[in-house]
Amino acid sequence: MNPQAPAAPITSPFGARSTALEVVSGMSLQGRQAIVTGGASGLGLETSRALASAGAQLTLAVRNQEQGAVAAAQIRAQCPNAIVDVARLDLSDLASVRQFTTEWAANSKALDILINNAAIMACPLTRTAQGWEAQFATNHLGHFALTTALLPALKRAADSRGDARVVCLSSSGHKIAGVDFDDIHFERREYNKWKAYGQAKSAIALFALGLHLRFGAQGITANAVHPGGIMTGLQKFLTLEEMRALGWLKADDTPLDTFKTPAQGAATSAWAATAPQLKGHGGLYLEDCHQGLPAEPSNRVSGYSPRIADPVTAQRLWTVSEALLATGS
């Protein structure tokens with residue numbers, strides 16, 4: 001997905017039906033610090049469970065701290081030696097992002113693994129306090145602000161272990177739309193919730209590429225992950241009729257067999273965060289615990305659109321994101 005990509009696609013013994021716990025089985029993450037945004041439910045919870053089971057010291061970065069406390073208790077019950085903290089993080093609120101990163105910096109902790117997992121999908125037109133479209137603001141800009149503020153902590157981990165990893169949750173939905181730099185926030189064009197989602201998921205993949213190109217040589221690698229189709233709270237803005245029309249449901253309104261469980265959907269995130277064969281490799285699009293390959297936009301099953309692999313576009317997005325955060329704070 002970038003000029004530094006490995007000559008041959010990176011594969012693994014895992015696949016679409018592997019679970020996150022299977023991916024980390026037998027692995028030790030003792031002494032490693034990990035943050036999972038949206039870590040209290042859905043994919044985030046399963047990713048958190050897997051990292052904690054392998055011994056990582058975990059911070060669940062969540063909007064709802066009560067839900068976070070319940071999730072942390074559940075993880076501790078299943079992994080008695082787990083160290084799990086809960087901290088408030090609202091990615092749509094820059095003040096919340098600043099508070100989270102300031103508190104992390106105050107503790108001078110290194111950060112080995114950052115899972116940029118939290119997301120919203122296909123919501124009605126909503127704007128942040130800055131007037132930003134909510135899907136782009138939450139899924140990309142919030143994670144951009146979070147990650148760049150945590151770079152010193154990631155650098156500490158990279159300096160001590162030679163390996164700090166950032167995992168950015170994208171989606172096959174990135175094929176719906178690229179980043180419209182002329183009207184990112186739908187100020188002039190008519191709002192389309194799916195184009196907004198596609199733009200946001202293209203942006204987070206481009207962010208992973210840009211981050212790796214800037215810091216990969218310093219031991220901070222970043223990859224984009226497509227978890228697959230999973231029914232989680234992400235669908236909360238969709239009606240049953242919409243999901244039927246999208247062809248996601250069987251006649252009895254249960255998900256198609258092609259959909260994964262949350263534990264299966266979290267497998268590629270866990271693999272991206274821990275796999276030895278990914279050390280030093282970044283700017284990739286990962287799916288089903290393998291390196292994804294370029295595909296036509298009409299292929300909604302596998303592969304990625306080449307537009308999220310363009311270093312020039314990644315650099316442009318980085319510059320635009322920095323400018324937005326500078327004016328929006």
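Observations on the structure shown:
- Some residue of the range 2-19 being buried (at least 24 other Cβ atoms within 10 Å of the Cβ) and not polar (S, T, N, Q): no
- Considered as a group, the residues in the range 135-152 that are surrounded by 20 or more Cβ atoms within 10 Å (Cβ to Cβ) and small (Gly, Ala, Ser) include one that is farthest from residue 203 (Cα to Cα), and that residue is 145.
- Single residue of the range 282-308 satisfying the filter (of a type in the set (A, V, I, L, M) and surrounded by 22 or more Cβ atoms within 10 Å (Cβ to Cβ)) that is nearest to the chain's Cα centre (by Cα): 286
- Among the residues making up the range 122-145, those that are out of contact with any strand residue (DSSP E or B) (no Cβ under 7 Å at 6 or more places or on another chain) and not in a loop (DSSP other than H, G, I, E, B) are 135, 136, 137, 138, 139, 140, 141, 142, 144, 145.
- When residue 70 is tested against (1) of a type in the set (A, V, I, L, M, F, W, C); (2) touching a helix residue (DSSP H, G or I) at 6+ places or on another chain (Cβ under 7 Å); (3) within 30 Å of residue 126 (Cβ to Cβ), exactly one condition is not met: (2).
- Pairs where the first residue, in the range 45-61, is of a type in the set (Gly, Ala, Ser) and the second is assigned to a loop (DSSP other than H, G, I, E, B) and surrounded by 24 or more Cβ atoms within 10 Å (Cβ to Cβ), C-beta under 6 Å, 6+ apart: 48/39; 61/89
- From 119, 110, 149, residue being within 23 Å of residue 314 (Cβ to Cβ), small (Gly, Ala, Ser) and out of contact with any Gly (no Cβ under 9 Å at 6 or more places or on another chain): 149
- Pairs, first farther than 17 Å from residue 47 by Cα in the range 68-93, second assigned to a helix (DSSP H, G or I) and of a type in the set (Ser, Thr, Tyr), C-beta under 8 Å, six or more apart: 88/96; 89/96; 90/96; 91/138; 92/138
- Residue list for the range 97-121, restricted to those being surrounded by fewer than 18 Cβ atoms within 10 Å (Cβ to Cβ) and either free of Cβ contacts under 8 Å to residues at least 12 places away in the same chain or over 16 Å from residue 328 (Cβ atoms) (or both): 99, 102, 103, 105, 106, 107, 108, 109
The numbers here are math on the coordinates, done by the rules we state, and not lab data. As the structure is a computational prediction, the values presented were derived from the model and not from experiment. Backbone-built Cβ (ideal geometry, glycine too); neighbour counts: all protein chains shown.
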